[in-house]
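Down below is the structure, laid out as structure tokens.
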Amino acid sequence: MPLFVLGVYDLFQRKHTILRNFPLVGHFRYMFEAISPEIQQYFIERHTDGTPISRNHRSIVYKRSKDKNSTHPFGTEGDLYSSKYVGLKHSMYPAPVPEEELRVTIGGPDCRKPYSASLLNISAMSFGSISSAAVLAMGKGAKKGGFYQNTGEGSLSDYHLEAGGDVVWQIGTAYFGCRTETGGFDKHAFRERATLDAVKMIELKLSQGAKPGEGGVLPAEKNNKEIARIRMVEPGTLVHSPRGHREFQDAVGMLDFLVMLRDLSGGKPVGIKLCIGRKDEFRKLCKTMIERNVTPDFITVDGAEGGTGAAPLEYSDSVGMPMEPGLRFVRETLREYGLRPKIKLIASGKIVTAFDAVSALAYGADLCNSARAFMLATGCIQALRCNTNRCPTGITTMDPKLTVGLVVEDKCERVANFHRNTLRAVRDMMASCGVSEPGELDESIFLRGKEWRHLGGSGVG
């Protein structure tokens, strides 16, 4: 009887053509659509498939986070004769593998409190886009491993401080955590938090790779009392992050703002995060740095392939420059203007494996940030539910029924393990290429599939 009633309803409802034409049976279409990511991942996906991160690369993160053997059997599954192939030139005379972790000191001529950073760190993820349990697990893992956690633009939360690790406080266009009632920048609120010992650096976010030029949205239903208190907004209200900063509109204003942030923080390193779009704007910024004799201590270059909890598809697919060309452009432009020695470069954009990190260093980065790799280490299964508040692993959800499954003390160990084992693999790859220091890496280290056709002539270099 219930099925008969449902079938009659399907015949007369006007919203779904499939159900009008195929009563009852049409519901299977919607059921399979709802679980299509799981069907794809568990039954169809091959080892080299899976986007944005392949099954093979997810597997290596899981193994390293669990301190298991991360070797791969039987040989490569990739097409080494593809013109898209990129590899590394190894040396007949490998260098010794450095036993100590390699670190980078960040702090330009105007910085009074330089910071010694790891080569691999946790990229920007806001409390609210990820759960309190995820923030704690990553933060405690960062403390164990001696690397930093970027707060994302959602501000410095109680959980970042409770974790006890090093923190980079990101300031976005909405000035969460340091904003006035009208959405402007509040110097006093900023100083109060920026001078905390846990905060090691300040990052001014200009744009995010996954959605450059697009402001974020905090839905009213997600804006609970805790998040509202941390972000300094009214609970239960829809909050938009503006597309750009209201405190400045040009390079001069931005550099003056950075100087103020550095002074208010007590002289800590300050930098900017951006995805490259219009090259002329970055060149103008470099010219202004020289004219005013002001430089950021670091620049984080995000790629258009960078991750996000939620973004318009058109932005993720079609706006901004990928990390590799963006990083190369920033490196060369800074060199052209004589600014490279003063500014450290941080690569941020789909860095998952040791090869990704070595490549970023070769393209000019001094160190790397990664978000999705650390999410995988925390238990993410790439369920593609980040924007629904229904993340099955309790990472990108605020639903307590789901976050309760994430055991912080277990996952923080995995975060620290992944960091340690990946950096060990980075040192191994560098040594195989005859290199002992990251600064010795450059683009001459790459082999590219398009070079194979020259083997009969002058060789591969």
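The values are calculated or read from the model by the stated rules, or taken from the named source; none is laboratory data. The structure displayed is predicted, hence computed values, not measured ones. Using ideal geometry, Cβ is built from the backbone for each residue, glycine included, and neighbour counts are taken over all protein chains shown.
Assorted remarks:
- Assessment of the stretch 288-308 against the conditions (among the aliphatic types (A, V, I, L, M), assigned to a strand (DSSP E or B), touching a helix residue (DSSP H, G or I) at 6+ places or on another chain (Cβ under 6 Å) and buried (at least 23 other Cβ atoms within 10 Å of the Cβ)) yields at least one matching residue.
- Wholly within the stretch 72-118, strands (runs of 3 or more DSSP E) carrying at least 3 residues that are under 23 Å from the mean Cα position of the chain (by Cα): 103-106, 115-118
- Scope the stretch 67-96; condition more than 27 Å from CYS412 (Cβ to Cβ) and at pLDDT 85 or above; matching residues: TYR85, VAL86, GLY87, LEU88, LYS89, HIS90, SER91, MET92, TYR93, PRO94, ALA95, PRO96
- Considered as a group, the residues in the stretch 37-61 that are touching a helix residue (DSSP H, G or I) at 6+ places or on another chain (Cβ under 7 Å) and closer than 16 Å to THR378 by Cβ include one that is modelled with the lowest pLDDT, and that residue is ILE53.
- Filtering MET201, MET260 for residues that are at pLDDT 95 or above and surrounded by 19 or more Cβ atoms within 10 Å (Cβ to Cβ) leaves a single hit, MET201.
- Per the listing VAL135, VAL168, the residue uniquely within 21 Å of PRO269 (Cβ to Cβ) and of a type outside the set (D, E, K, R) is VAL168.
- Residue in the stretch 425-439 that is surrounded by the fewest Cβ atoms within 10 Å (Cβ to Cβ), counting only those that are assigned to a helix (DSSP H, G or I) and in contact with a helix residue (DSSP H, G or I) (Cβ under 8 Å, 6 or more places away or on another chain): ASP428
- Conditions (1) modelled with pLDDT under 95; (2) farther than 23 Å from ASN389 by Cα; (3) not charged (D, E, K, R); number of the one not met by HIS188: (1)
- Unmet requirement for ALA220, which otherwise passes all of (1) more than 28 Å from ASN121 (Cα to Cα); (2) modelled with pLDDT of 95 or more; (3) among the small types (Gly, Ala, Ser): (2)
- Residue count for the stretch 163-198, restricted to those that are in contact with a Lys or Arg (Cβ under 9 Å, 6 or more places away or on another chain) and either loosely packed, with under 15 Cβ neighbours inside 10 Å or part of a loop (DSSP other than H, G, I, E, B) (or both): 13.
- Enumerated helices (runs of 4 or more DSSP H) restricted to the stretch 311-385, each holding at least 1 residues that are crowded, with 23+ Cβ neighbours inside 10 Å: 323-336, 354-362, 372-378
- Restricting ARG103, ARG58 to residues that are in contact with a strand residue (DSSP E or B) (Cβ under 6 Å, 6 or more places away or on another chain) and either surrounded by 14 or more Cβ atoms within 10 Å (Cβ to Cβ) or under 24 Å from MET375 (Cα atoms) (or both) narrows the list to ARG103.
- Pairing residues of the stretch 1-24 that are at positive phi and surrounded by 10 or more Cβ atoms within 10 Å (Cβ to Cβ) with residues that are among the small types (Gly, Ala, Ser) and not in a loop (DSSP other than H, G, I, E, B), at Cβ distances under 8 Å and at least 6 apart in sequence or on separate chains, gives LEU24/GLY7.
Conditions (1) outside any helix (DSSP H, G or I); (2) among the small types (Gly, Ala, Ser); (3) in contact with a Ser or Thr (Cβ under 6 Å, 6 or more places away or on another chain), marked per residue:
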site: PRO235; (1), (2), (3): yes, no, no
site: GLN249; (1), (2), (3): yes, no, no
site: VAL259; (1), (2), (3): no, no, no
site: LEU274; (1), (2), (3): yes, no, yes
